Amino acid sequence: MSLAYVALGSNLEQPADQIRAALAALAALDGSQLLSHSSLYLTTPVGYLDQPDFINAVALLDTTLTPYQLLDALMRIEAGFGRERSFRNAPRVLDLDVLLYQDTVLDDPQLLLPHPRMHQRAFVMVPLAEIAPGQQVGEHGLAADIAAALDSAGVVRLESTAQPRRQA
């Protein structure tokens, strides 16, 4: 089994409901166990700004899937939710990204690990730091330290729904 952190985001079609349903889909993923997840956060868009605010969260999985199998599974979940990839940073029903997979480092056109921009994004680092403050993020430092250094003005915790990490 390997530990993997997954970022969740949605800003269409009742985004908080989409995130809750996606967490349930992750919990039902074959070969994986949902160990914990962050609270839901309301966040302002990054990149393309002319769109609704997002709901974001981070989940921790214990999985037997390889990084590529996990990516494929996440893309199937996104497709099942009706994800369309019209342009970069477009509004979306569901976005799932592999952030970290154990200590794996990949530089592949299909998958980059750790996620290459996660340490620059408060909407990722704040929820990650909530459930794993001591998690090392590549060569960038600990999740809590990175989150504290970012401008998190556009990141607001909606509800305390965090599930503490269970022992696998």
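The values are calculated or read from the model by the stated rules, or taken from the named source; none is laboratory data. Everything numeric here is computed off the predicted structure, so don't read it as measured data. Using ideal geometry, Cβ is built from the backbone for each residue, glycine included, and neighbour counts are taken over all protein chains shown. When the accessible area is computed, the model is the full protein with side chains, heavy atoms only, and any ligands, DNA or RNA have been set aside. Shrake-Rupley method; radii C 1.70, N 1.55, O 1.52, S 1.80 Å.
The alpha-carbon positions of region 24-164 define a convex hull whose volume is 114 Å³ per residue.
Kindly identify region 88-156 as rounded, prolate or oblate by the Cα gyration tensor criterion: order the square roots of the eigenvalues as a ≥ b ≥ c, call it rounded if a/c is under 1.5, otherwise compare a/b with b/c, prolate if a/b is larger, else oblate. Taking the square roots of the gyration eigenvalues as a ≥ b ≥ c, region 88-156 is oblate.
Taking the Cα centre of each part, how many Å lie between region 1-48 and region 51-88? Result: 8 Å between the Cα centres.
The accessible area of V124, taken with all protein chains in place and a 1.4 Å probe, comes to roughly 10 Å².
For region 46-144, GluC sites (Glu not before Pro) are listed when DSSP marks them as loop and at most 16 other Cβ atoms sit within 10 Å of their Cβ; the list is E84, E139. Sequentially through region 49-59, phi angles give Karplus couplings (6.51, -1.76, 1.60; θ = phi - 60°) of 8, 7, 7, x, 4, 9, 10, 10, 7, 10, 10 Hz, Gly and Pro residues having no value and appearing as x. What accessible area per residue, rounded to a whole number of Å², is obtained for the chain using a probe radius of 1.4 Å? Ligands and nucleic acids excluded, the result is 49 Å² per residue. In a reduced charge model with +1 at each Lys and Arg Cβ and -1 at each Asp and Glu Cβ, the chain shows a dipole moment near 180 debye about its Cα centre.
Each label was represented as a point 7 Å from its Cα along the Cα-to-Cβ direction; for R157 and D145 these points are 2.2 nm apart. Largest GNM mean-square fluctuation across H37, H119, H140, computed for the chain with C-alpha springs under 10 Å, falls on H140.
Comparing A22, I146, P45 along the charge dipole axis of the chain, the residue lying farthest to the positive side is A22, per the Cβ-charge model.
Note on region 10-62: with neighbouring protein chains present and a 1.4 Å probe, carbon and sulfur make up 55 percent of its accessible heavy-atom surface. What figure in square angstrom, to the nearest 10, would you give for the accessible area of I55 with a 1.4 Å probe? Per-residue accessible area (I55): approximately 10 Å².
The GNM of the chain, with springs linking C-alpha atoms under 10 angstrom apart, assigns the highest mean-square fluctuation among T43, T63, T104 to T104.
In a fully extended conformation the segment linking A21 and D50 would gain 7.9 nm over its present Cα-Cα distance, using 0.36 nm per residue. Computed on region 2-157, with alpha-carbon pairs under 8 angstrom and 6+ residues apart, the relative contact order is 28 percent.
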